[in-house]
Amino acid sequence: MARYWLMKSEPFKYSWDDLVAEKEGTWDGVRNHRAKNNLAAMEVGDQAFFYHSREGLEIVGICEVSVAGILDPTDETGKWAAVKVVPKTKLPHPVTLKQIKAEPQLADCELVRLSRLSVAEIKEDEWSIIMSMAGV
């Protein structure tokens, strides 16, 4: 069964448009143990929201894990996980962090509870709510 995730990136470093232009990107450089565990738990076919952090503070698209279980190529120690992702679709209406925080049903979402986490798990019901908010 596919799982759902949220992956944050600062748009000036790596944006949704960068992923679309590349056609497949490596999600690397994560140095938080909880986020690493989330990356390691991902499987090919899992879906993830692409979230612009620092600028925008909004979910802008959906990507899919295309390669799972790889070591982070930026890590010389071999301790950190990475995955490859491909862009699937840009959301018709980006969903802002403010909108997510205002939705009581999303109060337990890792994006809200663990706001600094760069790779978060999204429960199936949370995914459905956010997709509805995005007009999908």
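The values are calculated or read from the model by the stated rules, or taken from the named source; none is laboratory data. In this text, all values refer to a predicted model and were calculated from it rather than measured experimentally. Because the Cβ atoms are built from the backbone with ideal geometry, glycine has one as well, and the counts that use them run over all protein chains shown. For accessibility, only protein heavy atoms count, side chains too; no ligands or nucleic acids. Shrake-Rupley method; radii C 1.70, N 1.55, O 1.52, S 1.80 Å.
If you look at the Cα atoms of region 35-136, you get an Rg and a Dmax of 14.0, 43 Å.
Applied to region 52-68, the Karplus parametrisation 6.51 cos²θ - 1.76 cosθ + 1.60 on θ = phi - 60° returns per-residue 3J(HN,Hα) values of 7, 9, 6, 10, x, 6, 7, 7, 10, x, 10, 10, 10, 5, 9, 9, 10 Hz, with x for Gly and Pro.
For W27, the amide hydrogen comes within under 5 Å of the amide hydrogens of V83, K84, V85, counting only partners 5 or more places away or on other chains and with H modelled in the peptide plane. Measuring against 19 Å, Cα to Cα, the residue pairs K8/K88; K8/K98; K23/K123; K36/K90; K13/K98; K8/K84 contain K23/K123; K36/K90; K13/K98 as the ones spanning a longer distance.
Kirkwood's formula applied to the C-alpha pairs of region 91-136 gives a hydrodynamic radius of 10.8 angstrom. Taking 0.36 nm per residue of separation and subtracting the Cα-Cα distance, full extension of the segment from E103 to E76 would add 5.6 nm. Given R₀ = 22 Å, what would the calculated FRET efficiency be for K13 paired with K88, taking r from the Cβ atoms and rounding to 0.05? Taking R0 as 22 Å, the efficiency between K13 and K88 is 0.55. 3J(HN,Hα) along region 103-112: 8, x, 5, 9, 4, 9, 4, 4, 4, 7 Hz, from the Karplus curve 6.51 cos²θ - 1.76 cosθ + 1.60 with θ = phi - 60°, whole Hz, x for Gly and Pro. Average accessible surface for region 13-61: 51 Å² per residue, computed with a 1.4 Å probe over protein heavy atoms with every protein chain in place. Antiparallel beta bridges, as assigned by DSSP with both residues in the chain, represent about 80 percent of the total such bridges.
Only Cα pairs under 8 Å and at least 6 apart count here; give the relative contact order of the chain as a rounded whole percent. RCO, the chain: 30 percent.
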